[in-house]
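*Asks:* Please see the structure below; I have some questions.
Values quoted throughout were computed directly from the atomic coordinates according to the rules given, and no laboratory measurement underlies them. In this text the structure is predicted, and so the values were computed from the model without any measurement. In this analysis, Cβ positions are derived from the backbone assuming ideal geometry, glycine residues included, and neighbour counts consider all displayed protein chains.
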Amino acid sequence: MAQNRTICTKNNVDYISIRRAMIAGARTVEEVKEIAGACGECEGCKADLGWILASVCGCKKVSLEAVVNAVKAGADTVEKVGEMTGAGTGICEETGEPCGKCKPLIQNIIDLGR
Ligand code: FES
């Protein structure tokens, strides 16, 4: 699981803020710039925005593309997306508890269909 850290060093925008922007519907660098305030141009943005935007579930290494495809194939709940892709079904290594941190993003992808 990615730890929180600064991604955009120019505007001081961290990983969690970018994830929150994605939960609010951001899917592109332009949208992350608008919603989270990232610059999209500094070394941090260049190095990390691409993979952050492309991934949904860090625990199970499930991509945005895989989740979108599952939604298009008829998965209309977070549980169904989990069954089809594994996203959202991670277990915290430290506590043994279900992680589920990516579930709000999965729900947003279902809501928006992208
Ligand atoms: S990030 Fe998806 S279950 Fe942990």
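*Asks:* Among the helices (runs of 4 or more DSSP H) lying completely within region 1-58, list those that include at least 2 residues that are in contact with a strand residue (DSSP E or B) (Cβ under 7 Å, 6 or more places away or on another chain).
*Replies:* Details: elements: 15-23, 29-36, 43-54.
Passing ranges, in order: 15-23, 43-54.
*Asks:* Under 8 Å between Cβ atoms, which residue pairs at least 6 apart in sequence (or on different chains) link something in region 81-101 that is in contact (Cβ under 8 Å) with a residue 40 or more places away in the chain and under 19 Å from Glu65 (Cα atoms) with a partner that is of a type outside the set (Gly, Ala, Ser) and more than 10 Å from the ligand (Cβ to nearest atom)?
*Replies:* none
*Asks:* Consider Gly58 against the criteria (1) within 17 Å of Gln3 (Cβ to Cβ); (2) in contact with a helix residue (DSSP H, G or I) (Cβ under 7 Å, 6 or more places away or on another chain); (3) in contact (Cβ under 8 Å) with a residue 40 or more places away in the chain: it satisfies all of them except one. Which criterion is unmet?
*Replies:* (2)
*Asks:* Which of the residues spanning region 17-58 are within 16 Å of the ligand (Cβ to nearest atom) and surrounded by 15 or more Cβ atoms within 10 Å (Cβ to Cβ)?
*Replies:* Ile18, Arg19, Arg20, Met22, Ile23, Ile52, Leu53, Ser55, Val56, Cys57, Gly58
*Asks:* Any chance region 102-113 includes a residue that's in contact with a Ser or Thr (Cβ under 9 Å, 6 or more places away or on another chain), free of Cβ contacts under 8 Å to residues at least 24 places away in the same chain, of a type in the set (Asp, Glu) and in a helix (DSSP H, G or I)?
*Replies:* Within region 102-113, none of the residues are in contact with a Ser or Thr (Cβ under 9 Å, 6 or more places away or on another chain), free of Cβ contacts under 8 Å to residues at least 24 places away in the same chain, of a type in the set (Asp, Glu) and in a helix (DSSP H, G or I).
*Asks:* Then there is this: For residues that are of a type in the set (D, E, K, R) and not in a loop (DSSP other than H, G, I, E, B), scanning just region 72-101, find the one that is nearest to Gly25 (Cα to Cα).
*Replies:* Once the filter is applied, the top-ranked residue is Lys72.
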